[in-house]
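S.K.: Take a look at the following structure, please.
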Amino acid sequence: MPIKYLIDENVDPIYTLQLRKRNPDLTVRAVGELGTPPKSTLDPEILLWCEEYDFILVTNNRSSMPVHLADHIANNQHIPGILILNADFSVGQNLEELILIAEFAFEEEYQDQIVFLPIS
């Protein structure tokens, strides 16, 4: 099953636009779009949505996301993964990492993990 990304609402919308432009076959949704959690949805609810719809969350939330993931897993739930953007990278560098992951990741490679970019 191909990777799908849900872009957190606090991530610059350029990520959603550029991922769709650079890789039109990739499913990319952003929080607040039709069919996704509305803006201001709490992180634990976003993780539940990602689990239900099989989306990897792309975020820049380094502080509370590890706690939310630990709670999620403690409740015997799972998530396809969480990717944390690198604040020291340019948008282009982060995009390249996301595209690499989408193209080359194995199914469930990032399940129940938080991965800090870069992976390469």
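The values are calculated or read from the model by the stated rules, or taken from the named source; none is laboratory data. Computed from a predicted structure; not experimentally measured. Cβ: placed from backbone, ideal geometry, glycine included. Neighbour counts: every protein chain shown. When the accessible area is computed, the model is the full protein with side chains, heavy atoms only, and any ligands, DNA or RNA have been set aside. Shrake-Rupley method; radii C 1.70, N 1.55, O 1.52, S 1.80 Å.
S.K.: Placing +1 at every Lys and Arg Cβ and -1 at every Asp and Glu Cβ, with all other atoms neutral, what dipole size does the chain have around its Cα centre, in debye to the nearest 20?
M.R.: Numbers: 7 positive and 19 negative charges, 80 e Å.
It works out to roughly 380 debye.
S.K.: Can I ask one more? So if each residue of separation counts as 0.36 nm, and I subtract the Cα-Cα distance between E107 and Q77, what length gain in nm does that give? Please report the intermediate quantities before stating the final value.
M.R.: Values: separation 30, 0.36 × 30 = 10.80 nm, distance 1.75 nm.
Residue separation times 0.36 nm, minus the Cα-Cα distance, leaves 9.0 nm.
S.K.: Can I ask one more? Apply the Karplus curve 6.51 cos²θ - 1.76 cosθ + 1.60, θ = phi - 60°, to the phi angles in region 39-48 and return the couplings in whole Hz, x for Gly and Pro.
M.R.: Computed from phi, the couplings for region 39-48 are 4, 6, 5, 5, 3, x, 6, 5, 5, 4 Hz.
S.K.: Over the chain, average the accessible area per residue using a 1.4 Å probe and give it in Å², no decimals. Present the calculation step by step, with values, prior to reporting the outcome.
M.R.: On the way: 6550 Å² over 120 residues.
Spelled out: the 1.4 Å probe surface of the chain, per residue, equals 55 Å².
S.K.: In whole Hz, with x marking every Gly and Pro, tabulate ³J(HN,Hα) for region 70-78 from phi via Karplus 6.51 cos²θ - 1.76 cosθ + 1.60, θ = phi - 60°.
M.R.: For region 70-78, the Karplus curve yields 4, 5, 4, 5, 4, 8, 6, 10, 9 Hz.
S.K.: Quick check: Cα centre of region 31-45 to Cα centre of region 54-117, how many Å?
M.R.: A separation of 17 Å, based on Cα centres.
S.K.: Run the Debye formula on the Cα coordinates of the chain, all scatterers equal and no solvent, and tell me log10 I(q)/I(0) at q = 0.10, 0.11, 0.21, 0.23 1/Å.
M.R.: For the chain, the Cα-only Debye profile gives -0.25, -0.31, -1.27, -1.56.
S.K.: Now for a different question. When every alpha-carbon pair in region 53-101 is counted, what percent end up more than 13 Å apart?
M.R.: 62 percent
S.K.: Oh, and also: At 222 nm, what value in deg cm²/dmol follows for the chain if DSSP H runs of at least 4 each add -39500 (n - 2.57) and the sum is divided by all its residues, to the nearest 500? Present the calculation step by step, with values, prior to reporting the outcome.
M.R.: Working: 4 runs with 44 residues, N = 120.
It lands at -11000 deg cm²/dmol.
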